[in-house]
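Q: Could you have a look at this structure, given as structure tokens, before my questions?
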Amino acid sequence: MSEAGLPPLPSSDRPEVAARLREALLGASFTADGLLDLLGAPAYAALARSETVPALRATRGDTPLEALVRLFLLQQPVPHARVADVLPVEDCLDSGWLRRVGADELAATVDVRPYGGADGEDWFIVSDLGCAVGGAGGIGSRDEGVVLGVGGASTTLAGITVRTPVSSALDLGTGSGIQALHASRHATRVTATDVNPRALHITALTLALSGAPAADLREGSLFSPVRGDETFDLVVSNPPFVISPGARLTYRDGGMSGDDLCRTIVQEAGDRLNEGGFAQFLANWEHVEGEDWQDRLRSWVPRGCDAWIVQREMQDITQYVELWLRDAGDHRGDVAEYQARYDAWLDEFEARKVKAVGFGWITLRKSGSVVPSVTVEEWPHPVEQPLGETVRAHFERLDYLRTHDDAALLEASFRLAGEVVQEQVGLPGAEDPEHVVLRQNRGMRRATKVDTVGAGFAGVCDGTMSAGRILDAIAQLLGEDPVVLRDRTPAQIRLLVEQGFLEPAG
Ligand SMILES: C[S@@+](CC[C@H](N)C(=O)[O-])C[C@H]1O[C@@H](n2cnc3c(N)ncnc32)[C@H](O)[C@@H]1O
């Protein structure tokens, strides 16, 4: 991987300097909360969209925090004396965090962005200058080896990751190291891989500056850096999932045909998981003419793994191409070049009969089950992040349902999950609702239609009475045959348990 054109990075084997720099940054309140206080919410949010003007306007003063924001987030040279008031300047110059500009100014060599961990940790994400945020605004560099900071995809994956304490975690395609950083909180050993050596270097800086333990950093493509029979309790990857012609930008273009890169990662992850372990990925997948996209994804799931695949968004091929041309900033360049790229991209999709591209989450859990449970669904609605606990509980409920036939379900008792409400939908003024919907206010925030029996049943579930006895009581109330009700309702109970509306009690 060429690093030609990219500036040298700070030294990653000077942990004592990273520790001193960290102390100085924290001392000046260069934290997520400190930035929000200084910049205000609109300018802070604009920064996350790569828009720097509001932050430049908010940092015209002379406080240490303003100097740090200008230096590390806004790529502005700052007078030496101002920096020396807040940072160990000579150390930072020696180890390459800062460089001299002209006679009397200093500039940062990398972007350093405060990032708050889920438990209030003050972390820092290091990335290439001008590349802290990807997205539709376009990154500040077109060098193929450029390393990006935290984008929406990064935080989505961090949010859905199951965070139970584990011995070993693998972050495949670590980039800035954000997933490895999160994993360092609950995994005894963290291995981080990347095909781009610059990313491994930056991951080491992110971990050191965040005060996290060092990870085992390995260079190589996909699972090739993983040794023969090495397995993990957790595998995470926000891979270069963009389906594009050619491998142009390492951080996003996998360089394999179509969605082969995502498929390969999913298929090979099964052999890399310990029993009970989770593998969680973000992915893009093709919707191919004449093929059922859900069947296509089901065929990716490796043997011995349960899977939960959620399509969060789908774009037609024109929207998709535009999104990623903009991501690279191509819309700001030469018009003819932009159009030629657009055209070539559509050619590629047409040749493979791709009509649209899906984006979503893939979670595997190694269960060793002979008949694995594979759920492929569309859920484009807002969810409540972090979702890691919801993901873990989804697979736990599957285990429960697998081991309880209908008779056992009727013997069991259930509890209505927290913050589930009932909505009645129908014409204004109508005496009876057309249908009743149960809605979750937590986790996936699902909504599901239920009949009168289902709604009545869910309302009574407080964990004390068995499902069968509740159904008998409902049958009596509605004047229905209890045997018929016991026969037809378990399918509905199963769905309510599977979707997390009801929780097995005890
Ligand atoms: C979208 S970035 C994700 C970075 C980071 N993990 C995150 O969540 O923000 C994808 C990363 O995968 C790396 N990568 C690209 N091709 C790869 C391959 N074949 N094998 C391993 N990593 C690869 C890129 O260098 C980049 O760092």
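The values are calculated or read from the model by the stated rules, or taken from the named source; none is laboratory data. On a predicted model such as this, the values are computed, not experimentally measured, just so you know. Cβ: placed from backbone, ideal geometry, glycine included. Neighbour counts: every protein chain shown.
Q: Under 30 Å from residue 393 (Cα atoms), in contact with a Pro (Cβ under 9 Å, 6 or more places away or on another chain) and either modelled with pLDDT under 95 or surrounded by 22 or more Cβ atoms within 10 Å (Cβ to Cβ) (or both), is that true of residue 174? Can you show your working first?
A: Details: under 30 Å from residue 393 (Cα atoms): yes; in contact with a Pro (Cβ under 9 Å, 6 or more places away or on another chain): no; either modelled with pLDDT under 95 or surrounded by 22 or more Cβ atoms within 10 Å (Cβ to Cβ) (or both): yes.
No; evaluated as a whole, the condition is false for this residue.
Q: Regarding residue 215, is this residue within 14 Å of the ligand (Cβ to nearest atom), more than 15 Å from residue 148 (Cα to Cα) and touching a strand residue (DSSP E or B) at 6+ places or on another chain (Cβ under 6 Å)?
A: Criteria met by residue 215.
Q: For segment 183-212, name all the residues that are touching a Lys or Arg at 6+ places or on another chain (Cβ under 9 Å) and within 7 Å of the ligand (Cβ to nearest atom).
A: Once the filter is applied, which keeps residues that are touching a Lys or Arg at 6+ places or on another chain (Cβ under 9 Å) and within 7 Å of the ligand (Cβ to nearest atom), segment 183-212 yields 193, 194.
Q: If you take the residues in segment 112-134 that are under 18 Å from residue 331 (Cβ atoms) and within 12 Å of the ligand (Cβ to nearest atom), which one is modelled with the lowest pLDDT?
A: Among them, the one singled out is 134.
Q: So which of 244, 257 is more than 9 Å from the ligand (Cβ to nearest atom), part of a loop (DSSP other than H, G, I, E, B), crowded, with 22+ Cβ neighbours inside 10 Å and among the small types (Gly, Ala, Ser)?
A: On the way: 257 fails: crowded, with 22+ Cβ neighbours inside 10 Å.
Unique residue meeting the criteria: 244.
Q: Let me ask you something else. Does residue 312 fit the bill of being surrounded by fewer than 17 Cβ atoms within 10 Å (Cβ to Cβ), within 13 Å of the ligand (Cβ to nearest atom), in contact (Cβ under 8 Å) with a residue 60 or more places away in the chain and not in a helix (DSSP H, G or I)? Spell out the reasoning first.
A: Values: surrounded by fewer than 17 Cβ atoms within 10 Å (Cβ to Cβ): yes; within 13 Å of the ligand (Cβ to nearest atom): no; in contact (Cβ under 8 Å) with a residue 60 or more places away in the chain: yes; not in a helix (DSSP H, G or I): yes.
Here the answer is no, as residue 312 does not meet what is asked.
Q: Please indicate, with yes or no, whether at least one residue in segment 168-182 is within 15 Å of the ligand (Cβ to nearest atom), polar (S, T, N, Q) and in a loop (DSSP other than H, G, I, E, B).
A: yes
Q: Right, another one. Would you mind finding the one in 9, 25 that is within 16 Å of the ligand (Cβ to nearest atom) and surrounded by 18 or more Cβ atoms within 10 Å (Cβ to Cβ)?
A: 9
Q: Specify the residue that is nearest to residue 89 (Cα to Cα); the eligible residues are those in segment 53-71 that are β-branched (Val, Ile, Thr) and surrounded by fewer than 18 Cβ atoms within 10 Å (Cβ to Cβ).
A: 63
Q: Here's another thing I want to ask about it. Of all residues in segment 218-241 being part of a strand (DSSP E or B) and more than 13 Å from the ligand (Cβ to nearest atom), which is surrounded by the fewest Cβ atoms within 10 Å (Cβ to Cβ)?
A: 233
Q: Let me ask something additional. Select, from 91, 85, the only residue that is in contact with a helix residue (DSSP H, G or I) (Cβ under 9 Å, 6 or more places away or on another chain) and in contact (Cβ under 8 Å) with a residue 60 or more places away in the chain.
A: Step by step, each of 91, 85 is checked, and only 91 is in contact with a helix residue (DSSP H, G or I) (Cβ under 9 Å, 6 or more places away or on another chain) and in contact (Cβ under 8 Å) with a residue 60 or more places away in the chain.
Q: Same structure, new question: Scanning for something over 16 Å from residue 22 (Cα atoms) and either crowded, with 19+ Cβ neighbours inside 10 Å or of a type in the set (A, V, I, L, M, F, W, C) (or both), does segment 111-124 turn up at least one residue?
A: yes
Q: Turning to a different aspect of this structure: Just give me the residues in segment 99-111 being hydrophobic (A, V, I, L, M, F, W, C) and farther than 12 Å from residue 8 by Cβ, in sequence order.
A: Listed by number, the residues that qualify are 101, 103, 106, 107, 108.
Q: If you don't mind, there's one more thing I want to ask. Which is at pLDDT 95 or above, crowded, with 17+ Cβ neighbours inside 10 Å and of a type in the set (Lys, Arg), of 163, 100?
A: Of the residues listed, the single one that is at pLDDT 95 or above, crowded, with 17+ Cβ neighbours inside 10 Å and of a type in the set (Lys, Arg) is 163.
Q: If you don't mind, another one. Which condition from (1) among the acidic types (Asp, Glu); (2) away from the ligand (no atom under 16 Å from the Cβ); (3) farther than 18 Å from residue 399 by Cβ is the one that residue 275 breaks?
A: With respect to (1) among the acidic types (Asp, Glu); (2) away from the ligand (no atom under 16 Å from the Cβ); (3) farther than 18 Å from residue 399 by Cβ, residue 275 is out only on (3).
Q: Among the numbered conditions (1) within 22 Å of residue 199 (Cβ to Cβ); (2) assigned to a loop (DSSP other than H, G, I, E, B); (3) away from the ligand (no atom under 11 Å from the Cβ), tell me where residue 266 comes up short.
A: That leaves (2) as the condition not met.
Q: Please go through segment 144-165 and pick out each residue that is within 8 Å of the ligand (Cβ to nearest atom), more than 13 Å from residue 117 (Cα to Cα) and in a loop (DSSP other than H, G, I, E, B).
A: Matches in segment 144-165: 145, 147, 148, 149, 151.
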